[in-house]
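Enquirer: Provided herewith is a single structure, encoded as structure tokens, for subsequent inquiry.
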Amino acid sequence: MKKNINTNIERRYRLTAHAAPLTYILPTRHTRRSALLYFDEENNTNRALRYASNQKSPFEDEQDGNVIIEPVIFEDGFLTVKSTNPILQQFLDLHPQKGVVFEEINEEKEAKESVDRLNVEVDALLKASDLSIAELEMVNKILFGTNVDRVSTAELKRDVLIYARREPSHFLEVISDPQLTLNSKVSTFFEKGLLKFRNNRKDVFYNTSSNRKKMLTVPFGEEPFYMVSSFLQSEDGIEALKMLESNIEE
């Protein structure tokens, strides 16, 4: 049988977003129309629930025949049950509509969840603020498909900050993706002149003091930075990546 909850405190409940109207009468006894059953794992049986204010148990099989049935009403979507009514608290805790039609308000838990959400939002905003121009461009391409050649840096940063505030968890997932880090490095290689486009951006060439050879030809319709990133992840490109990284560090 389910362990009894602590009934020495006042408990508050509210209707969930799926429940209507704001004034709601909760079913308080088991009927064919409204099944109020609790599965007792200890005895492997379904037990009927019934709220009777003059009884000592919310289980019908533990009540006598002289029951006083009272309605349980949510006013303006809320219900408060004082510690002086432990049976109703137990009944609501066992009620099959708990978590569906109504839920218990746990202010401490909700406050902690709010703090956690705010911390994630702060982390996301800080990360967004620290992105380099190359990273800003890459994140905009990934999140919004932005043509960065037609957008100012201020607009790129604004859009990323707004997204980081609205969807902090997803934003942090995106920027922690190793592929994004590599794409950012590729952008840096071009910015530093270590890689060069030729033939109307169809070919990519190395442009270091020791290597001016052709890296690859960009297939028609493919994104050049993506193709370079893919090559640098391949078996043939690992040494090239190390060489380019060492040139940045010099």
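The values are calculated or read from the model by the stated rules, or taken from the named source; none is laboratory data. The structure presented is a predicted model; accordingly, all values stated were derived computationally and were not measured. Note that we place each Cβ from the backbone using ideal geometry, even for glycine, and neighbour counts take in every protein chain shown.
Enquirer: Does segment 183-195 contain at least one residue that is over 17 Å from residue 231 (Cβ atoms), assigned by TED's automatic domain parsing to the domain that holds residue 231 and part of a loop (DSSP other than H, G, I, E, B)?
Expert: The answer is yes; a qualifying residue exists.
Enquirer: Quickly run through segment 53-78 and pick out the residues that are touching a helix residue (DSSP H, G or I) at 6+ places or on another chain (Cβ under 8 Å) and buried (at least 17 other Cβ atoms within 10 Å of the Cβ).
Expert: Result: 55, 58, 72.
Enquirer: Scan segment 52-61 and tell me whether some residue there is farther than 14 Å from residue 87 by Cβ and not aromatic (Phe, Trp, Tyr).
Expert: yes
Enquirer: Let me confirm something: among 136, 126, 156, which residue is surrounded by fewer than 13 Cβ atoms within 10 Å (Cβ to Cβ) and either aliphatic (A, V, I, L, M) or touching a residue at least 24 places away in the same chain (Cβ under 8 Å) (or both)?
Expert: The unique qualifying residue is 126.
Enquirer: Specify which of the listed residues (109, 2) is at pLDDT below 95 and touching a Phe, Trp or Tyr at 6+ places or on another chain (Cβ under 9 Å).
Expert: Result of the check over 109, 2: 2.
Enquirer: Sticking with this one: Return yes when residue 123 is modelled with pLDDT of 85 or more, out of contact with any Pro (no Cβ under 9 Å at 6 or more places or on another chain) and of a type in the set (Asp, Glu) and no when it is not.
Expert: No, not satisfied.
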